[in-house]
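Comments concern the structure below.
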Amino acid sequence: MIHSLFLINHTGDIFLEKHWKSVISRSVCDYFFEAKEKAEDPENVPPVLYTPHHYLVSIYRGKLFFLSVIQTEVSPLFVIEFLHRVADIFQDYFGECSEAVIKDNVVIVYALLEEMLDNGFPLATESNVLKEMIRPPTILRSVVNTLTGGSNVGDTLPAGQLSNIPWRRAGVKYTNNEAYFDVIEEIDAIVDKSGTTVFAEIQGVIEACVRLTGMPDLTLSFMNPRLLDDVSFHPCVRFKRWESERVLSFIPPDGNFRLMSYHVSSQNLVAIPVYVKQNISFLETGACGRLDITIGPKQTMGKMVEGLKVTIHMPKMVLSVNLTATQGTHTYDLTAKVLVWDVGKLNPQKLPNLRGSLSMQSGAPKPEDNPSINMDLKIQQLAISGLKVSRLDMHGEKYKPFKGVKYLTKAGKFQVRT
Amino acid sequence: DLSNSHFPLYNDQGSAEAAVEAGQETTPTSSGSGAAFGLFSTDFKKNEDLKEMLESNKESLKLEAMKRIVGLISKGKNASELFPAVVKNVASKNIELKKLVYVYLVRYAEEQQDLALLSISTFQRALKKEQLIEVIEKLLKDKSTLVAGSVVVAFEEVCPDRIDLIHKNFRKLCNLLVDVEEWGQVVIINMLTRYARTQFTSPWREDAMFDENNEKAFYDSDSEEKKGQADVKTYIMDPDHRLLLRNTKPLLQSRNTAVVMAVAQLYWHLAPKHEVSIVTKSLVRLLRSHRYIVVAFKHCYNLLSKQGMFEPYMKSFYVRSTDSTHIKTLKLEILTNLANEANISTILREFQTYVKSQDKAFAAATIQAIGRCATNISEVTDTCLNGLVLLLSNRDESVVAESVVVIKKLLQTQPNQHSDIISHMAKLFDNITVPMARASILWLMGEYCERVPKIAPDVLRKMAKTFTVEEDIVKLQTVNLAAKLFLTNSKQTKLLTQYILNLGKYDQNYDIRDRTRFIRQLIVPSEKSSTLNKYARRILLASKPAPVLESAFKDRDRFQLGTLSHSLNIKTSGYQELSEWPAVAPDPSVRNVEVIEPVKFLLKSALFQLQVSFTEKPSYSCSFGNATRKTQVVKMLVCSTLLLRPTPPPPPLICSPFTASFPTLHTALLSFTFSSPFIFPFSERLEPRASVTVSMGIDFSDSTQAANFQLCTKEDQFSVSIQPAVGELLMPSTMTEADFCKEQKKLLGMNETSATITMTTANTSSQTINKQVLSVANVGVAPSSQNNFHRFAGRTVSSGALVLVSLELKESSSALLTINTEKSIMASMLLQDLKQALTEA
């Protein structure tokens, strides 16, 4: 299936290659470079390409291209999904997925790739299983290893991989048994000039951190599962129980994992936590423009809005800005033409405001359209959809675990058109 | 090029120097020759270092060397010359070192076959295809979820056309599917899609009936009404077809997009048309995600145009200014496809925002999209046209140009009106510089010159002035306009036309010279060209069919959805065609598994009975199937409601695969395995002193490990542990003496366990021996021609492995007891039990 993998940085250097079958010359990447050249923006490179003898499937993650070489028919999404898993595993192991980090850990990376694909077909892609075979690097461990000559390679085969529940390792033991669930929701919205919501929806995930001894069998139920419009699950979740009872029944992996992703559609009236009063104008004559933005609370359910940040991609002709903010700091990146206003907390008594003038390239025509405003924000202890976990039950083990649920709302792709 | 010719040459020499250099130079992107040269000299030394390190006695040095070598390999550098030094470490005890050596071997074993100590691929090649198929056939029968995925991958690679191997495994695969690992699911679903298209008839029929009740009706042949229906030959879906659809549906909730797409394509290719919409939500999930939209889009295209399916999700595809151009264009394509009479005004309002986008390529794409909406939905054609005309005064040239091109196409679809638009465009003509737009206006003038009789000649006049500085396409259209005007209005334009034709005659571009010559012959009457000349008007001013505005993504129907072929719209190597539905379904009974299910159930697992009775002291007992060997467990118990639940770890002993397909009891067991607690069938209420017996099967997986449960009542719970005797894990097998000996010979060495025992003479009668052996082990008596030989044969219930027991009586009441089986642990336990039974008796 997947013949070879090349890792390429954004300047076009191949800095790692791995072959699962015979070696394919890296000159095959030239076809990719050609397409990359044509696309200009790396985001626009077509993910599936064909060359006379091979097919190339690639993803772009963290300023890196993961380029796989295929020789026979396979579903492109299959390859794309796998490449994202590889990137996820790197992220999980090294904290980030960058060229420097991959080069520093090339031996571990190679060991991981060796385990993740067997003869070109995905084998162990669960972080849980991989970590049993190849331990992730830590500062302490690398010090210990150099002193004792120890290694990062586990000397036992993961027992979980050959069981009916490959995602969980066997013989898990903890002195403190705990299970935490984070319900994280992102609001994707487009608000138009007048402040009306053109469209809004919520993308939610439940991230779990479960450290429980033995083989716990958990059941997580919601107060209002009907809110959920579309759901997708980690393989541990029993589909049938969800279909019939709307509860999540599962034997969890050990450690951190994403239990579920869900979607709440706009039909359920998505609450918009803030409003933006804005006035951006470019004068027809004279190299000048004005900007005035005020942010206020709208539907915050009585919670504090934090981490407020405004990002505006200015038209090319805006040379510099001369702005004053009543709160927070702002920067203007002259080359990328991006204005970022880091507001911080939203105080309903004293609304944050940013205003001032924009200086423009003289002689350039007035831009056709005003730039849109992208918002970032966070609200702790609130799931904006109203989703609530009602209870978590554990079967199969005798101890009483410590349980916790946390809620967080964030702005996803939240855009205000001006 | 130099490096290419050097590469093999240097490699033959095999010197360290050359190898490293070659590795360097085959890197097309290596940064500058200077840097490469610098690296080259250090690498040369390093390789010598590495050899020394590998040959040292210190493990840490070896490890360090191997790490660096892996680094070299990962950079695509040639480290093959280190092969002999690396291979020596293959037997190292350090597991990390061993793994790194393995990484190296996998990379170079093929190239260095003469040096490779173990070249796995040569072993593989030695296997013939027939042998491979045999192995695959065997493995397909396996009931483990772990095997299912891998074996179907092998099947697809080795013998994808051997559909016959799937028949017997079809139902099992359907039932296992949900528990197979994600990647295996994709391959199995794709394969089953292909299978289904050869085995079932098309559900895409007008008269088809899909009510699940009809399946029952099918069997319920007594009813007269139903008979009447059968006469009309209503389509009734094969239960196996339904099974496949039903069992794949839950996987739409998988986090793995490849699995979701596999199910979606299965529904698209196999489900009745009205059921395809089941997959919509999950596909929208894929399309919403920036990671997957680009690839998923092409596969979803066919479904997008299906009425009503995606419309409710329209707004999910609204464009944000921060999306990449690629994604913006795809979202636009989706919106255009979803447009209909009801939502067009909303979509057009949204499009107005896009037209103003700073991303001009996207703005241009939006204009084309408006054009497509205008042609597809006749109600809005005029509105769109007016909107586009407004765009003609846009400040951006590319927007104007694109509008002109789209307006031209639109006008062609409605040639009877809109001379006002044409004259408006003529006015703008001077300010438009984009060649394609100028050419389009000229074409419009020519085509509809009779509707703008005053303006067209004037435009031609202007063109005559600027002809020499125009782009080629504009020149061609000028010639075209001149010709058309000459035919309709030669009085005013004769001289202009001649002038332009003369300019064209001496143009630098031969296409233009050629066209000019052709036009001149066609329109200017002369002696030679008389015939053609007569038809000039009919040729040039024929009414032309309106262009069809359609998407570039159309016409991918010939490939299976979700495949690489479908994505690229070319047939890729290894692509397996999806066949057309057969007109008549092949015999569905081929999928029946030989043994009737309940019987197989009895055979395949140790059956025991759980008896719950209520006396003064309520108790339960449990016994194994055979009356002669009854194991009893008795415990105190008070019952009101009985719950049975496994204690941890949930025993994998109860194997789901074959319990899944059975009625009541097995279904119960299945849920018992996977969701607990499980309420036992007799749970309603038990009166005091009442007793209930339930049979249940446990697959002990050929191990004597106990299956643990809890019997729960409202107030209390009791642990139950059921441990089978090793002899209970067998079932009798009949075989001839010759077969027995043949099989025994295959199970020698490690597979043979024996012991010498002493027996009292009274016990050496064959009757007693048989009785004793059978009381311990559930085996069958195999015939023996010698009196001093006793043979028994059985198979393990779970895996069906042969267990052969033979007893050879020797002088002085000693005897040799031998057990031949692959299951060596079972053998030693069985030997103990038999020894005890035979000596004691």
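The values are calculated or read from the model by the stated rules, or taken from the named source; none is laboratory data. Computed from a predicted model, the values in this text were never measured in an experiment. Methodologically, a virtual Cβ is constructed for each residue, glycine included, from the backbone with ideal geometry; neighbour enumeration extends over all protein chains shown. Note: areas computed on protein heavy atoms with side chains; ligands, DNA, RNA excluded. Shrake-Rupley method; radii C 1.70, N 1.55, O 1.52, S 1.80 Å.
The table for this structure:
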| read-out | value |
| --- | --- |
| Matching residues, region B:268-282, being more than 10 Å from chain A (Cβ to nearest Cβ) and either in contact with a strand residue (DSSP E or B) (Cβ under 7 Å, 6 or more places away or on another chain) or under 20 Å from A:Val48 (Cβ atoms) (or both) | B:Trp268 |
| Conditions (1) part of a helix (DSSP H, G or I); (2) of a type in the set (A, V, I, L, M, F, W, C); (3) over 27 Å from A:Ala364 (Cβ atoms): number failed by B:Ala342 | (1) |
| Selection within region A:301-324 - over 27 Å from A:Glu186 (Cα atoms) and either part of a strand (DSSP E or B) or open to solvent by 40 Å² or more (accessible area, probe 1.4 Å) (or both) | A:Lys316, A:Val318, A:Leu319, A:Ser320, A:Val321, A:Asn322, A:Leu323, A:Thr324 |
| Single residue of region B:73-98 satisfying the filter (of a type in the set (A, V, I, L, M) and surrounded by 16 or more Cβ atoms within 10 Å (Cβ to Cβ)) that is modelled with the lowest pLDDT | B:Val87 |
| In region A:341-370, residue most open to solvent (accessible area, probe 1.4 Å) [restricted to those that are under 30 Å from A:Lys303 (Cβ atoms) and part of a loop (DSSP other than H, G, I, E, B)] | A:Gln349 |
| Failed item in (1) surrounded by fewer than 18 Cβ atoms within 10 Å (Cβ to Cβ); (2) over 17 Å from the mean Cα position of the chain (by Cα); (3) outside any helix (DSSP H, G or I); (4) in contact (Cβ under 8 Å) with a residue 40 or more places away in the chain, with B:Lys143 passing the rest | (1) |
| Matching residues, region A:59-83, being over 18 Å from the mean Cα position of the chain (by Cα), among the hydroxyl-bearing types (Ser, Thr, Tyr) and either open to solvent by 10 Å² or more (accessible area, probe 1.4 Å) or within 20 Å of B:Lys571 (Cβ to Cβ) (or both) | A:Thr72, A:Ser75 |
| Residue selected from region B:167-187 under the condition within 11 Å of chain A (Cβ to nearest Cβ), of a type outside the set (Val, Ile, Thr) and open to solvent by 20 Å² or more (accessible area, probe 1.4 Å), by the criterion nearest to B:Pro588 (Cα to Cα) | B:Asp179 |
| Where A:Val205 falls short, out of the listed (1) buried (at least 18 other Cβ atoms within 10 Å of the Cβ); (2) of a type outside the set (Lys, Arg); (3) within 17 Å of the chain's Cα centre (by Cα); (4) farther than 18 Å from A:Phe402 by Cα | (1) |
| The lone exception for B:Gln265 - which of (1) more than 10 Å from chain A (Cβ to nearest Cβ); (2) crowded, with 19+ Cβ neighbours inside 10 Å; (3) out of contact with any Phe, Trp or Tyr (no Cβ under 9 Å at 6 or more places or on another chain) it fails | (1) |
| Residues satisfying the stated conditions in region A:325-340, i.e. more than 26 Å from A:Lys350 (Cα to Cα), part of a loop (DSSP other than H, G, I, E, B), of a type outside the set (Ser, Thr, Tyr) and open to solvent by 40 Å² or more (accessible area, probe 1.4 Å) | A:Leu334, A:Ala336 |
| For A:Ala124: the one exception among (1) assigned to a helix (DSSP H, G or I); (2) under 23 Å from B:Lys98 (Cβ atoms) | (1) |
| Cβ pairs under 8 Å, 6+ apart, first in region B:305-332 and more than 8 Å from every other protein chain (Cβ to nearest Cβ), second surrounded by fewer than 17 Cβ atoms within 10 Å (Cβ to Cβ) and not in a helix (DSSP H, G or I) | B:Gln307/B:Asn340; B:Glu311/B:Asn340; B:Glu311/B:Asn343; B:Met314/B:Asn343; B:Asp323/B:His290 |
| Number of positions in region A:374-400 that are touching a Lys or Arg at 6+ places or on another chain (Cβ under 8 Å), within 12 Å of another protein chain (Cβ to nearest Cβ) and of a type in the set (A, V, I, L, M) | 1 |
| Residue satisfying all of: in region A:88-107; under 13 Å from the mean Cα position of the chain (by Cα) and of a type in the set (Asp, Glu); modelled with the highest pLDDT among these | A:Asp88 |
| Qualifying helices (runs of 4 or more DSSP H) (wholly inside region B:725-841; at least 3 residues being open to solvent by less than 20 Å² (accessible area, probe 1.4 Å) and over 26 Å from B:Asp142 (Cα atoms)) | B:824-840 |
| Strands (runs of 3 or more DSSP E) contained in region A:1-82 and holding at least 2 residues free of Cβ contacts under 8 Å to residues at least 40 places away in the same chain and at the interface with chain B (Cβ under 9 Å from one of its Cβ atoms) | A:14-19, A:48-50, A:55-61 |
| Residue count, region A:211-222 (criterion: at pLDDT 90 or above and either in contact with a Lys or Arg (Cβ under 9 Å, 6 or more places away or on another chain) or facing another protein chain (nearest Cβ under 10 Å) (or both)) | 7 |
| Top-ranked residue in region B:55-72 [being more than 8 Å from every other protein chain (Cβ to nearest Cβ) and not charged (D, E, K, R); ranked as most open to solvent (accessible area, probe 1.4 Å)] | B:Asn57 |
| A:Gly289, sole failed condition from (1) away from chain B (no Cβ under 14 Å); (2) surrounded by fewer than 19 Cβ atoms within 10 Å (Cβ to Cβ); (3) outside any loop (DSSP other than H, G, I, E, B) | (2) |
| Selection within region B:338-397 - away from chain A (no Cβ under 14 Å), closer than 19 Å to B:Ala437 by Cβ and open to solvent by less than 40 Å² (accessible area, probe 1.4 Å) | B:Ala369, B:Ile370, B:Gly371, B:Arg372, B:Ala374, B:Cys384, B:Leu385, B:Gly387, B:Leu388, B:Val389, B:Leu392 |
| Counted residues, region A:223-244 - those being at the interface with chain B (Cβ under 10 Å from one of its Cβ atoms), under 20 Å from A:His395 (Cβ atoms), in contact (Cβ under 8 Å) with a residue 24 or more places away in the chain and not aromatic (Phe, Trp, Tyr) | 2 |
| Members of region A:162-209 that are touching a residue at least 40 places away in the same chain (Cβ under 8 Å) and assigned to a loop (DSSP other than H, G, I, E, B) | A:Ile165, A:Pro166, A:Trp167, A:Arg168, A:Arg169, A:Val172, A:Lys173, A:Asn176, A:Asn177, A:Asp192, A:Lys193, A:Gly195 |
| Residue in region A:89-105 that is crowded, with 19+ Cβ neighbours inside 10 Å and within 7 Å of chain B (Cβ to nearest Cβ) present | no |
| Selection count where residues are in contact with a Leu (Cβ under 6 Å, 6 or more places away or on another chain) and open to solvent by 100 Å² or more (accessible area, probe 1.4 Å), scope region B:483-539 | 1 |
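For (1) modelled with pLDDT under 90; (2) part of a helix (DSSP H, G or I); (3) farther than 20 Å from B:Val259 by Cβ; (4) aromatic (Phe, Trp, Tyr), each residue gets a yes or a no:
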| residue | (1), (2), (3), (4) |
| --- | --- |
| B:Ala148 | yes, yes, no, no |
| B:Leu192 | no, yes, no, no |
| B:Asp207 | yes, no, yes, no |
| B:Lys216 | yes, yes, yes, no |
